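Trainee: Sharing a structure, written as structure tokens. Questions coming.
Derivation of every value follows stated rules applied to the coordinates shown; laboratory data play no part. Not measured: the values here are computed from a predicted model. Backbone-built Cβ (ideal geometry, glycine too); neighbour counts: all protein chains shown.
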Amino acid sequence: MNNELTIYNSLSRKPELFESKTEGYVGMYVCGPTVYSDVHLGNCRTFVSFDIIYRYLMYLGYKVRYVRNITDVGHLTGDSDDGEDKISKKAKLENLEPMEVAQNYSNGFHQMMEVFETLPPSIEPRATGHIIEQIEMVEKIIENGFAYESNGSVYFDTLKFDEACRAGKVGENVFYGQLSGRILDDLLAESRDLKKQNEKNHPSDFAIWMKADESHLMRWNSPWSVGFPGWHLECSAMSTKYLGEGFDIHGGGTDLKFPHHENEIAQNLGSCGCSPAKYWLHANMLLMNGKKMSKSDGNTISPQELFTGESPHVTQGYDPMVVKFFMLQSHYRSTLDLTDLALQAADKGYKRLMEANRILQAISIPEGEANDKSAEIKQLMESAVADMNDDFNTPKALSRLFELVPIINSYQNKLDGYDKLDATTLTELKKFFANFLFDIFGLKDAMGSDSNGVGKSMDGLMELVIDLRQSARENKDWATSDKIRDTLQALDIQLKDGKEGTSWSLN
Ligand code: AMP
Ligand code: ZN
């Protein structure tokens, strides 16, 4: 197992050597979408970032259990305890069942994830499917003295929790506000005038169960009231259920650090005395033209508008793979600024790498001794792996691939010194390119008809073979035309003669 991987841990605020809890296995939980509206490009960036992380961990040989939830209850407008449930609100507006809303936007989300060639997670649990687990967790937190009931709702007691942490009664070196860096005194001041405050002991306490009146569309029985779970609770309950009380990686966008992740940590510590994850990873936000993407001031573009070019913000449509390539050109912890100019550059870069891969996969050159060129190629391949081991640095790894492009072109053109290459290096280079482009980055060659980029060459080759067979038949050269048909048959390629000419297919 490769143990060179370093991950920047948001909890300790420093890079740390990655050591999984169980040798060879990784448990990773990522906060999924709240399915009350179409997935936006910012969400896509975060999920693409974690898809690359998932893929790279598998590339290193880990067996990964990747859990990414669907939030279909509990997430209130304004991320607070007083807002309206986002899904219920949409259901009322459109006169639909809340589950119709959730299903509709989950379907759209899945389609978009496929368009971006991301792999489905191993488990995709829904908050509404885990109400029992959430009630059980509330019971444990109350039992441990870190939550109290008030008017049918249950609140997490942040002051009591913080005091217990500082007295060393909860775990080592833990306190409320550790992840987000927010001090409890500031939190108390910030949250003074919210509506629900009179039910809370302290303004910074947060709801883990909320009593709901009859106007609420999604409600369940509980020991405290008919109501619904608080937003943060679902992730604590579902990550524990599928990954255990302490697992390896927890991810999400930076906007989730507070209150969502801070409160998740408090709930896990408050129920079982253990922090949910060892490594916390946060993907940074997507901007457009240097500003936060925002619907209210028109500084926004949907994925579809970006693909078709039907937006004043772009001069042309961009293939989803170009958009993904553009995302890969920045580190997941940096903000990413979407501009038409940057997308045009990504378009060129993506095509250049795909073209280089097609050339490389078709290259056959005489075998030579390993030499300084072999060493240079090997060095670049090793550097790309080292870049990915350095907190998944995709832009740096991509730059190594770009450095390999002129070398590949020199071999294709058999320039001076590039007319021979040892077979091991050539085979490794071919494998390396395909691994990085398709397995790790999850790109697809939009020009070729299959993922390893040989589709277009194969089409051209078959056109030539069919033409040669046609000429042989016209010249009554049956020996040649039979030879072509038999050889293709042995290769499981079938020819079909029809009115429109001859077509081919793989058996
Ligand atoms: P939500 O559906 O709002 O719960 O968000 C789903 C995921 O997308 C979360 O991990 C968010 O942190 C992330 N996210 C939301 N907005 C952005 C953005 N502008 N850029 C990047 N990630 C985002
Ligand atoms: Zn979450």
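Trainee: Pull up all non-local amide H partners of W224: gap of 5 or more, or a different chain, and H-to-H distance under 5 Å with H placed in the peptide plane.
Mentor: Those qualifying (amide H under 5 Å, at least 5 residues apart or on another chain) number zero.
Trainee: Could you list log10 I(q)/I(0) for the chain at q = 0.07 Å⁻¹, which the Debye formula gives when each Cα is one point scatterer?
Mentor: Reported log10 I(q)/I(0), two decimals: -0.49.
Trainee: How far is helix 98-115 tilted, in degrees, relative to the longest principal axis of the Cα atoms in the chain, given as a value from 0 to 90 rounded to the nearest 10?
Mentor: 30
Trainee: Could you compute the net charge surrounding G129? Neighbours are other residues with a C-beta less than 15 Å from the C-beta of G129; K and R count +1, D and E count -1.
Mentor: Result for the neighbourhood of G129: -2.
Trainee: To the nearest 10 degrees, how steep is helix 262-272 against the longest Cα principal axis of the chain, on a 0 to 90 scale?
Mentor: With both axes taken from Cα atoms, the answer is about 70 degrees.
Trainee: Can you list the residues, at least 5 places off or on another chain, whose amide H is less than 5 Å from the amide H of V26, using H built in the peptide plane?
Mentor: K63, V64, R65
Trainee: Related question: Before rounding to the nearest 500, sum -39500 (n - 2.57) across all DSSP H runs of length at least 4 in the chain and divide by the residue total; then give [θ] at 222 nm in deg cm²/dmol.
Mentor: It lands at -14000 deg cm²/dmol.
Trainee: Working out 0.36 nm times the residue gap between N104 and T308, then minus their Cα-Cα distance, what length gain in nm do you get to one decimal?
Mentor: 71.2 nm
Trainee: Then there is this: Calculate the spin-label point distance for N173 paired with D419, positioning each point 7 Å from the Cα along the beta-carbon direction, and give it in nanometres.
Mentor: Placing both labels 7 Å beyond Cα along the Cβ direction yields 6.2 nm.
Trainee: Can you quote the Å³ per residue value for the convex hull of the Cα atoms in segment 1-106, rounded to an integer?
Mentor: 133
Trainee: Hand me the trypsin sites (Lys or Arg not before Pro) from segment 239-282 located in a DSSP loop with no more than 15 other Cβ atoms within 10 Å, in residue order please.
Mentor: Working: sites: K241, K257, K278; in loops: none.
Within segment 239-282, no trypsin sites (Lys or Arg not before Pro) qualify (loop, at most 15 other Cβ atoms within 10 Å).
Trainee: Something else: Specify the angular offset, from 0 to 90 degrees and rounded to the nearest 10, of the alpha carbon long axis of helix 372-389 from the longest principal axis of the alpha carbons in the chain.
Mentor: Taking Cα atoms only, the helix is inclined about 20 degrees.
Trainee: Measuring from centroid to centroid over Cα atoms, what is the spacing of segment 208-236 and segment 105-151 in Å?
Mentor: Here the two parts' Cα centres lie 13 Å apart.
Trainee: For S150, list long-range residues whose amide hydrogen, built 1.01 Å from N in the peptide plane, is under 5 Å from its own amide hydrogen.
Mentor: The answer is Y155.
Trainee: Also: Once R0 is set to 60 Å, what does the formula 1/(1 + (r/R0)^6) return for the Cβ-Cβ distance between E16 and A479, expressed as a FRET efficiency to the nearest 0.05?
Mentor: E between E16 and A479, to the nearest 0.05, is 0.30.
Trainee: In nm, to one decimal, how far is the modelled label at Y59 from the one at E355, with both set 7 Å along Cα→Cβ?
Mentor: Label at Y59, label at E355, 2.4 nm between them.
Trainee: Using alpha carbon centroids, what distance separates segment 328-349 and segment 381-438, in Å?
Mentor: With segment 328-349 and segment 381-438 each reduced to a Cα centre, they are spaced 22 Å.
Trainee: Right, next: For an R0 of 51 angstrom, estimate the FRET efficiency from the Cβ-Cβ distance between N435 and D497 and round to the nearest 0.05.
Mentor: Details: r = 40 Å, r/R0 = 0.78.
Here the calculated transfer efficiency is 0.80.
Trainee: Here is a further query. How big is the dipole moment of the chain about its Cα centre under a simple scheme where the beta carbon of each Lys and Arg is +1, that of each Asp and Glu is -1, and everything else is neutral? Debye, nearest 20, please.
Mentor: With only Lys, Arg, Asp and Glu charged at Cβ, the dipole is about 360 debye.
Trainee: Explain nothing, just the number: relative contact order of the chain, from Cα pairs under 8 Å at least 6 residues apart, as a whole percent.
Mentor: Answer for the chain is 14 percent.
Trainee: Run the simple label-point estimate for D467 and A490 please: 7 Å along Cα→C-beta, distance reported in nm.
Mentor: Placing both labels 7 Å beyond Cα along the Cβ direction yields 2.5 nm.
Trainee: Once you have the alpha carbon radius of gyration of segment 296-440, what is it after dividing by 2.2 N^0.38 Å, with N set to its residue count? Don't skip to the answer; put the middle values down first.
Mentor: Working: Rg = 17.9 Å, N = 145, 2.2 N^0.38 = 14.6 Å.
Ratio of Rg to 2.2 N^0.38 Å for segment 296-440: 1.23.
Trainee: If you place +1 on the Cβ of every Lys and Arg and -1 on the Cβ of every Asp and Glu, how big does the dipole about the Cα centre of segment 296-440 come out, in debye to the nearest 20?
Mentor: 240
Trainee: Dividing the convex hull volume of the alpha carbon atoms of segment 281-337 by its residue count, what do you get in Å³ per residue?
Mentor: Residue-normalised Cα hull volume stands at 90 Å³.
Trainee: When you have a sec, figure out the Kirkwood radius of segment 20-283 from all distinct Cα pair distances and drop it here in Å to one decimal? Let's see the in-between values first.
Mentor: Details: mean 1/r = 0.0531 Å⁻¹.
Over segment 20-283, the inverse of the mean reciprocal pair distance is 18.8 Å.
Trainee: Counting only GluC sites (Glu not before Pro) that are in a DSSP loop and have at most 13 other C-beta atoms within 10 Å, tell me the longest site-free stretch of the chain.
Mentor: 24-171
Trainee: Over all Cα pairs of segment 264-373, how is the pair count split among 5 Å bins, expressed in % and running from 0 up to the last occupied bin?
Mentor: Here the calculated profile for segment 264-373 is 2, 9, 13, 15, 12, 9, 9, 9, 9, 7, 4, 2, 1, 0.
Trainee: Evaluate the relative contact order of segment 296-440 (contact order divided by residue number), counting alpha-carbon pairs under 8 angstrom at least 6 apart; express in whole percent. Mind dumping the intermediate values first?
Mentor: Values: 126 pairs, mean separation 34.7, N = 145.
Value for segment 296-440: 24 percent.
Trainee: I would also like to ask the following. Quick check for you: which residues of segment 319-343 have the amide N under 19 Å from the point 7 Å beyond the Cα of M447 toward its beta carbon?
Mentor: 319-326, 343
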